[in-house]
Structure formats: C-alpha cells, structure tokens
Amino acid sequence: MDSFTRSLKRSVDAALGKTSPWGKINPLVVIGLTEALLDLHLSEDQMYAAVRSYVRQLAAQVHPDRSPTNVTATRQLEIIEALNILDDRAAFSYALKEFRELKGEDRKELAILRNALSNARTKLEGFDARELKLAQETREFEGHRRRFEVDEETRKNRVVYLEETVENFKGETRDLRASRSRWKKRYEGINEYLTLLSSGDQTRGGGVHVPEARWAVLFSLILAGVGEKRVLPVDKKGDWTSDFTRSVQDLRIPVGTLLEVQEQWPQLVAKFGQTDFTDFGRVYKPWLSAYKLSGGKPELLFGTMRAISGGFVLGSISPDRLKIGRQNLTHNFNIDQLFENLSPNLVQGGILVSRTVKNVKGERSSPKKLTITQSRHLIVAAG
C-alpha cells in the first residue's frame, strides 16, 4: 500500500469512525520495534508474547520511580501509553497489521532507490569500458601518425586526416571523462544518501533525520499575483500573530526556538528582499510557512501550500555543502548538484528538498506519472 492509499484509507476510516486508538503514531514504532522481528516468521501469538514482555521491561526501566536521567517525561508517557494499548490483544493485532503495511512500503521505497543506484552503476561501468576502448584506439592512431610522418612529403594529406581523427577521438574521450565524472559524483551522492538514510546517522552535517522529523518552519520567496492572500506571521510590533501561534501550538516547538525564528524573520526578509523581490519582471514575496511532518509527509499548518505541495520530504542541501543565495529560493538546484549534495537530514539554514508525483496526460491522452523535485525553500528551524 503506497503513501497516498494509506492516507486515503485513514481518511475513510476516520469518516466511518474506525480510527485507531493511538492516533497517527503506531505504538510498535513508539517502542522502537524494527522489521527484523517480522523476518523471524513468528506466529502472532509468539510476537504478542515477545512484544508484551519487551514493552513491560521498557516501561519498568523508564518508570518515574526509578528516576531515569536519560529519558524525558514525554518519552516516559509515550512508552506507558504504548504499554496500555499493546496489553489489549485486539489492539496489538491491529497495530501489528498496520506496522507490517508501514514496513512493506518502506521496503518498496528502498527497492526503488537501490534499482536506481544499480542503473547508475551499470552506466558508470559502460563509460569506463568506452574510455578504455577509446584510449586504445587513440594509441593506435598515434602509431599510424608516427609511421606516416616518415614519408611526410608523400603522405601529408593522410597525416592531416589522421591528426584530425585523433583530435576528434581525444575530444570524445574528454567528453566521456567529464560525463563519467558527473555520473560518478551522482553515484557517490546517492550511495551516501542511502547509507545515511538507512543508518539514521545525524552526526554528518547535523540536523534532524527526515523519518524522525515532526515539524519544520520554512522561509520562501513565492511568485506574486497567483491569487493567494499572504498572512504575515508577525504583527507591526514584531510579535507572533494569534493566527501563527494557534496554528503551531500542537507542534510543541520549544520557546527558545520560536524566539530564534522570530528574530530571524526580519533578518531573512532584509537579506532576500524587503517587501518584494523582482527577478526578470516577476515579483516574489517573502513567506513563512510551518509544516507538521510524519514520516516525511508534510501537512501545512501556517503559510502557503506553494512552498511544498503534498509529496514527500527527501532531505536538504546543507549550507556546508553549497553556498545558499537568493537564486536558490527562486530556482531549483540542477540534478547533478542535488544528487551530489543531498542529505537525509533537515539542516537549519539549508534548502529543503521534496518530491511530488503528479498524474499528467501523455501521448494520445494516456495517463502518465510525472515526478517533480523541489528545492527552493530555506529551513529556518526543524525538530
């Protein structure tokens, strides 16, 4: 079941009153269960016994009576609520079914990325073989040229022809080397992205791992004149408006972070364009948008859907990898820069990268899926 079908099913279940007892986060995910348990091929009764025993031990470890120092109060509450839910056999069966669907979708996504990586590797190997062949042919032509120079008077025209041929092959070799270099950088970038995505490593480049991110605040330059009314996040005194405060209150953003965002807003407006910014006759206006994230799926809480419209958040381009300027808020990165520098973490001050698949009409009006990658929105804060 893909992400769209899963979202549609939840909406239908909610309309029919068939909502899950735990809301949007599966209790098996809360306790840190991995898909490795599914690969053991245990019966549901065996899984229930194993999970129930584990979650009871976990709840005992984080119980307030033990005064744990490395567990927050919020985390304690999440584990205790998961224990209460999973104690119910029927609730466990429902949670296990949903967990299997979630992990099945993750495996499909990983298989798609691995297939793309395999195709890139095959092309890279083909370029290497072509380069070797062209190098061998170049050496052969060089040998012909030296032999014809012995009798330059009589073979002058032939030498000129061969020199031109050699130069053509050299130019093709240079082009192939440049193309090989681009594909190699793509391969290395995709490989690093997949490695960090699978490991959940947040130490390289910092930021918040996309699957674990719960919210993000973005700064954007949006093309004016499309008919959408802009709602400012702060009033004339520089304080948050009631609309913004009410929209993000459920995200539980730390007060210190909100103060930092409040200070950055006028600085970002000053840096990227005061009231509006004109580029080749097109007028852009600064926006601040807040999104709720769940497994990389964005839900708009404040701002404009033109920042990221549905789809899936892939990660970000860190300012440590590429210099971020005004043009990055009006134009997407090219595909080479994207593959070489994409990180699965949301890095503050970086450019958010998202992917959307849309259905468009193809040849003879047949349906066709179009994948759109966006990278034009600055990450002000994420958590």
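The values are calculated or read from the model by the stated rules, or taken from the named source; none is laboratory data. Keep in mind that what you see is a predicted model, and the values were worked out from it rather than measured. FYI the Cβ positions are ideal-geometry reconstructions off the backbone, even for glycines, and counts take in every protein chain you see.
Evaluate the following for L352: is it within 14 Å of the chain's Cα centre (by Cα) and modelled with pLDDT of 85 or more?
It is true that L352 is within 14 Å of the chain's Cα centre (by Cα) and modelled with pLDDT of 85 or more.
Take T304 and decide whether it is assigned to a strand (DSSP E or B) and either at pLDDT below 85 or within 22 Å of A270 (Cβ to Cβ) (or both). Spell out how you get there, then give the answer.
Working: assigned to a strand (DSSP E or B): no; either at pLDDT below 85 or within 22 Å of A270 (Cβ to Cβ) (or both): yes.
Taking the combined requirement at face value, the residue does not satisfy it.
Matching residues to (1) at pLDDT 80 or above; (2) touching a strand residue (DSSP E or B) at 6+ places or on another chain (Cβ under 9 Å); (3) surrounded by 14 or more Cβ atoms within 10 Å (Cβ to Cβ); (4) not aromatic (F, W, Y):
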| residue | (1), (2), (3), (4) |
| --- | --- |
| S3 | no, yes, yes, yes |
| R10 | no, no, yes, yes |
| I31 | yes, no, yes, yes |
| D39 | no, no, no, yes |
| Y54 | yes, no, yes, no |
| V71 | no, no, yes, yes |
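Just to be sure I understand the filter: pairs with C-beta atoms under 8 Å, separated by 6 or more residues or on different chains, first member in the range 70-82 and of a type in the set (S, T, N, Q), second member crowded, with 16+ Cβ neighbours inside 10 Å. Which pairs pass?
Q76/V62
Which of the numbered conditions does Y284 fail, given that it passes all the others? Conditions: (1) under 22 Å from L232 (Cα atoms); (2) in contact with a helix residue (DSSP H, G or I) (Cβ under 9 Å, 6 or more places away or on another chain); (3) surrounded by 21 or more Cβ atoms within 10 Å (Cβ to Cβ); (4) not aliphatic (A, V, I, L, M).
(3)
Only one of S118, S179 is more than 30 Å from K285 (Cβ to Cβ), out of contact with any Gly (no Cβ under 6 Å at 6 or more places or on another chain), surrounded by 12 or more Cβ atoms within 10 Å (Cβ to Cβ) and modelled with pLDDT under 85. Can you tell me which?
One residue alone meets the criteria, S179.
Just one of A36, A59 is over 14 Å from R100 (Cα atoms) and of a type in the set (G, A, S); which is it?
On the way: A36 fails: over 14 Å from R100 (Cα atoms).
Just one listed residue meets the conditions, A59.
If L42 satisfies all but one of (1) under 33 Å from the mean Cα position of the chain (by Cα); (2) in a loop (DSSP other than H, G, I, E, B); (3) without any contact (Cβ under 8 Å) to a residue 40 or more places away in the chain, what's the number of the condition it fails?
L42 satisfies all of (1) under 33 Å from the mean Cα position of the chain (by Cα); (2) in a loop (DSSP other than H, G, I, E, B); (3) without any contact (Cβ under 8 Å) to a residue 40 or more places away in the chain except (1).
Of the conditions (1) at pLDDT below 85; (2) surrounded by 15 or more Cβ atoms within 10 Å (Cβ to Cβ); (3) of a type in the set (A, V, I, L, M, F, W, C), V160 fails just one. Which one is it?
Looking at each condition in turn, V160 falls short on (2).
Tell me, which strands (runs of 3 or more DSSP E) wholly within the range 202-296 include 2 or more residues that are modelled with pLDDT of 85 or more and touching a His at 6+ places or on another chain (Cβ under 7 Å)?
215-223
For every residue, the table says whether it meets (1) within 29 Å of the chain's Cα centre (by Cα); (2) charged (D, E, K, R); (3) over 30 Å from S294 (Cβ atoms).
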position	(1), (2), (3)
L83	no, no, no
L86	no, no, no
A95	yes, no, no
N115	yes, no, no
K123	yes, yes, yes
L134	no, no, yes
F141	no, no, yes
K156	no, yes, yes
